[in-house]
Amino acid sequence: MKTKILPPTDSAYNYPLLIKSLLLSGQRYAPDQEIVYSDVSRYDYRTFNQRVRKLANVLTEAGIGAGDVVAVMDWDSHRYLEAYFAVPMIGAILHHVNIRLSRDQIAYTMNHAEDKLVLVHDDFMQLAESIAPDAPTVKGYIQLSDSEYRV
């Protein structure tokens with residue numbers, strides 16, 4: 001089989017498409033543009049960038065570094081989006097926990113992924129607590145909440 005490499009077209013991107021580029025472009029080109037999530041959360045790209053960086057700092061202070069796996073047990077939310085950017089920002093790996101699996105299946109995937117830290121929403125704390133004894137690689141949990149003192 002012969003491989004043929006085609007040259008890029010003039011309209012093709014000539015730079016790498018990185019998550020960092022997506023994060024920074026919003027702040028660079030429309031810092032005051034409002035982001036709305038389900039009419040629950042509203043903030044602009046500047047604030048979004050600050051929240052992502054704050055989460056990245058919290059994860060670093062919690063001992064997460066390059067190559068570590070951070071699990072997220074949350075609904076599709078603004079916090080999930082922030083983790084999507086913050087975790088790779090520090091060189092860690094984001095593990096999207098499928099909360100629709102059974103308890104045993106979730107425990108299996110967490111062990112297989114070797115999760116070190118779990119970001120867990122209030123709604124899944126009971127599930128996370130039941131899995132904790134069977135997830136020896138997990139060293140800590142950060143609770144995410146929709147309460148007044150939310151993360």
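Just so it is clear, none of the values below were taken in a lab; they were calculated from the coordinates. Given the structure is predicted, the values throughout are model-derived calculations rather than measurements. Cβ atoms come from the backbone with ideal geometry, glycine included; neighbour counts cover every protein chain shown.
For Cα extents along the principal axes in Å, which listed value, (i) 40, 37, 32; (ii) 108, 26, 15; (iii) 55, 50, 29, comes from the coordinates shown? Of the listed options (i) 40, 37, 32; (ii) 108, 26, 15; (iii) 55, 50, 29, (iii) comes from this structure.
Note on Met73, Met1, Met89, Met125: ascending count of other Cβ atoms within 10 Å places them as Met1, Met125, Met89, Met73, the fewest first.
Of all lysines in the structure, those lying under 18 Å Cα to Cα from Lys139, and not within fewer than 8 positions of it along the same chain, are Lys116. A simple spin-label model places the labels of Thr137 and Leu81 3.0 nm from each other, with each point 7 Å out along Cα-to-Cβ.
Of Ser102, Val36, Gly140, whose Cα points farthest to the positive end of the dipole of segment 19-144 (charges on the beta-carbon: +1 Lys, Arg; -1 Asp, Glu; origin at the Cα centre)? Going by the Cα projections, it comes out as Val36. Computed from label points 7 Å out along Cα-Cβ, the spacing between Ser145 and Ala66 is 3.6 nm.
Positive end of the charge dipole of the chain (Lys, Arg +1 and Asp, Glu -1 on Cβ, about the Cα centre): tell me which of Leu127, Leu23, Thr47 has its Cα farthest that way. After comparing all options, I get Leu23.
With K and R counted +1 and D and E -1, the other residues having a Cβ less than 14 Å from that of Ile90 yield a net charge of +1.
Considering helices alone, the calculated mean residue ellipticity of the chain at 222 nm is -12000 deg cm²/dmol, with DSSP H runs of length four and up weighted by -39500 (n - 2.57) and normalised per residue.
Charge dipole of the chain (Cα centre as origin; +1 on each Lys and Arg Cβ, -1 on each Asp and Glu Cβ, all else neutral): 700 debye, rounded to the nearest 20. With contacts taken as Cα pairs under 8 Å at a separation of at least 6 residues, the chain carries a relative contact order of 18 percent.
The trypsin sites (Lys or Arg not before Pro) of segment 1-40 that meet both conditions, a loop assignment by DSSP and at most 16 other Cβ atoms within 10 Å of the site Cβ, are Lys2, Lys4. Relative to the current alpha-carbon distance between Asn57 and Tyr108, full extension at 0.36 nm per residue lengthens the span by 15.5 nm. Loop-located GluC sites (Glu not before Pro) in segment 26-118 (DSSP state not H, G, I, E or B) with no more than 16 neighbouring Cβ atoms inside 10 Å: Glu114.
Distance between the modelled labels on Tyr13 and Tyr29, one decimal in nanometres: 1.1 nm (7 Å Cα→Cβ projection).
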